[in-house]
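The values are calculated or read from the model by the stated rules, or taken from the named source; none is laboratory data. Predicted, not measured: the structure shown is a model, and the values here were computed from it. Cβ placement follows ideal geometry from the backbone for every residue including glycine, while neighbour counts extend to all protein chains displayed.
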Amino acid sequence: MKINKALRVLIMYNGLLIFGTMLFGPLYAVFVQNIGGGVQLISISAAAFYLSSAMFLWIVGKLGDRVKEKELMLAASYLIRAVGYLSFIVVSNALGLILLQVLFGLAEALGSPTFGSLFAKHLDGDMEVMEYAEWALIASLIMAVGALMGGYFVSALGFGLLFVVISALCFVAFLGIILSPRKLL
């Protein structure tokens, strides 16, 4: 399967983000328990993420098409996530966790529709399903590897270093998008 350069760049940098996210994703409940939370805090913080994401999606939906260089919105979402994951190092209570989930809701609202828009813009007309399928295949494999590696990483090195690594991956994705030629994306 051969896909164009713009899609390869989008897949590569979004793949870094997804890999980092999955290093932590399955371990979120363990982290919440480590800061003294339980089932309720896990549910409340997840709801905070989804509600804030919905609110910010409404705003991005209203204003996003006015942005000429949409790749900058995608880069901003990666940078916000980099800061967010690094912030997990200092989160020690429910309020901090919930505020952090609101920040991730903003990042999701900026990134998800923008990635989809940029991806769709660069689809090859006669290979749309194949290109979406290839991205879904790559993303699924990345998620599987990330989920497996996250447990080993936390067991050996702890959550603090995990958050630094995830933040670094998000920051590399941010730089990759920012430094990509504007004509490409």
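Give segment 114-128 a look and list any residue that's within 14 Å of ALA75 (Cα to Cα) and either out of contact with any Leu (no Cβ under 7 Å at 6 or more places or on another chain) or surrounded by fewer than 17 Cβ atoms within 10 Å (Cβ to Cβ) (or both), or say none. If the condition is that a residue be within 14 Å of ALA75 (Cα to Cα) and either out of contact with any Leu (no Cβ under 7 Å at 6 or more places or on another chain) or surrounded by fewer than 17 Cβ atoms within 10 Å (Cβ to Cβ) (or both), then GLY116, SER117 are the ones that fit. Count of segment 19-49 residues, restricted to those that are under 30 Å from GLU128 (Cα atoms) and either touching a Pro at 6+ places or on another chain (Cβ under 9 Å) or surrounded by fewer than 19 Cβ atoms within 10 Å (Cβ to Cβ) (or both), is 1.
Looking at segment 123-136, can you tell me whether even one residue there is in a loop (DSSP other than H, G, I, E, B), in contact with a helix residue (DSSP H, G or I) (Cβ under 6 Å, 6 or more places away or on another chain) and touching a residue at least 40 places away in the same chain (Cβ under 8 Å)? Step through it out loud before you land on a result.
Taking segment 123-136 first, the residues in a loop (DSSP other than H, G, I, E, B) are 123-127.
Checking which are in contact with a helix residue (DSSP H, G or I) (Cβ under 6 Å, 6 or more places away or on another chain) leaves us with 123.
Right, trim to touching a residue at least 40 places away in the same chain (Cβ under 8 Å) and you get 123.
Among the residues of segment 123-136, at least one is in a loop (DSSP other than H, G, I, E, B), in contact with a helix residue (DSSP H, G or I) (Cβ under 6 Å, 6 or more places away or on another chain) and touching a residue at least 40 places away in the same chain (Cβ under 8 Å), which makes the answer yes.
Each residue in segment 30-60 was checked for being aromatic (Phe, Trp, Tyr) and more than 23 Å from the chain's Cα centre (by Cα), and 0 of them qualify.
Which residue, of GLY151, GLY61, is touching a residue at least 12 places away in the same chain (Cβ under 8 Å) and within 16 Å of LEU23 (Cα to Cα)?
Values: GLY61 fails: within 16 Å of LEU23 (Cα to Cα).
From the options GLY151, GLY61, the qualifying one is GLY151.
Of the set (1) modelled with pLDDT of 95 or more; (2) of a type outside the set (Ser, Thr, Tyr); (3) more than 20 Å from LEU57 (Cβ to Cβ), all apply to ALA76 but (3). Candidates are the residues of segment 50-95 that are surrounded by fewer than 18 Cβ atoms within 10 Å (Cβ to Cβ) and in contact with a Phe, Trp or Tyr (Cβ under 7 Å, 6 or more places away or on another chain); the one that is farthest from LEU185 (Cα to Cα) is ILE89.
Return the only residue of LEU161, LEU157, LEU100 being surrounded by 18 or more Cβ atoms within 10 Å (Cβ to Cβ) and part of a helix (DSSP H, G or I).
Working: LEU161 fails: surrounded by 18 or more Cβ atoms within 10 Å (Cβ to Cβ); LEU157 fails: surrounded by 18 or more Cβ atoms within 10 Å (Cβ to Cβ).
Step by step, each of LEU161, LEU157, LEU100 is checked, and only LEU100 is surrounded by 18 or more Cβ atoms within 10 Å (Cβ to Cβ) and part of a helix (DSSP H, G or I).
Of the residues making up segment 43-65, just one is β-branched (Val, Ile, Thr) and farther than 15 Å from SER112 by Cβ, namely ILE44.
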